[in-house]
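The next block holds one structure in the form of structure tokens; read it before the comments.
The values are calculated or read from the model by the stated rules, or taken from the named source; none is laboratory data. Nothing here was measured: the structure is a model prediction, and the numbers come from that model. Positions of Cβ are backbone-derived with ideal geometry, glycine not excepted, and every protein chain shown enters the neighbour counts. Calculation scope for accessible area: heavy atoms of the full protein, side chains included, ligands and nucleic acids excluded. Shrake-Rupley method; radii C 1.70, N 1.55, O 1.52, S 1.80 Å.
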Amino acid sequence: MSMTYPSRDEIGKILKKSKRIAVVGLSENPERTSHMVSKAMQNAGYEIIPVNPGADEILGVKAVKSLKEIDGHVDIVNVFRRSEYLPEVAKEFAEIDADVFWAQLGLENQEAYDFLKEKGYTVIMDRCIKVEHALTR
């Protein structure tokens, strides 16, 4: 199945209604893109939940080892892991029944896309959430 994503207008609506973003692969290193993007989204008013098994706290928030450790509903799972890891993250995403699976700029995986679309989830890949937020405000 070919990969088609929500339009920019639809992405804007998703970002306006979303409040909680779990960030898989969020780095403690402030020089890393995942850290800079997540900090910008946190500063824009989103609750950021760091998902990093090697970290205790990132951006002043207690980190969790996996999506399954998060209490409560997650609106967006934003993924900063290499494309080959997206199917694994997609399976965990489906277990927590979050709303939107978002793979950052440069990341796409057909297997993960097909798995999630077959289950009816909204999937966005190869887009930067920070850029989309800036363009749709």
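Ignoring ligands, DNA and RNA, what percent of the accessible area of segment 1-92 is carbon or sulfur (1.4 Å)? Before the final figure, lay out the partial values.
Details: 2390 of 4940 Å².
Here carbon and sulfur together make up 48 percent of the probe-accessible area.
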Gyration tensor over alpha-carbon atoms, the chain, equivalent ellipsoid semi-axes in Å: 21, 17, 14
Net charge dipole size for the chain [Lys, Arg +1 and Asp, Glu -1 on Cβ; Debye, nearest 20]: 480 debye
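Quick one: length gained pulling Lys117 to Ala40 fully straight, 0.36 nm per residue minus the C-alpha distance? Each step should come with its number before you reach the end.
On the way: separation 77, 0.36 × 77 = 27.72 nm, distance 2.86 nm.
Value of the extension gain: 24.9 nm.
Please give the contour-minus-distance gain from Lys91 to Glu10: 0.36 nm per residue of separation, less the Cα-Cα distance, rounded to one decimal in nm.
Values: separation 81, 0.36 × 81 = 29.16 nm, distance 2.41 nm.
Residue separation times 0.36 nm, minus the Cα-Cα distance, leaves 26.8 nm.
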Loop-located GluC sites (Glu not before Pro) in segment 1-51 whose Cβ has at most 16 other Cβ within 10 Å (DSSP): Glu28, Glu31
Accessible surface, the chain, averaged per residue in Å² (probe 1.4 Å): 52 Å²
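Considering only DSSP states other than H, G, I, E and B, which trypsin sites (Lys or Arg not before Pro) in segment 8-65 qualify as loop sites with at most 12 other Cβ atoms within 10 Å?
On the way: sites: Arg8, Lys13, Lys16, Lys17, Lys19, Arg20, Arg32, Lys39, Lys62, Lys65; in loops: Lys19, Arg32, Lys65.
Counting only loop positions with at most 12 other Cβ atoms within 10 Å, the trypsin sites (Lys or Arg not before Pro) in segment 8-65 are Lys19, Lys65.
Report the antiparallel proportion of the DSSP beta bridges in the chain as a percent, rounded to a multiple of 5. Intermediate values should be presented prior to the final figure.
Values: 2 of 19 bridges.
For the chain, the DSSP antiparallel bridge percentage is about 10.
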Extension gain (nm, one decimal) between Arg32 and Lys62, 0.36 nm per residue minus Cα-Cα: 8.9 nm
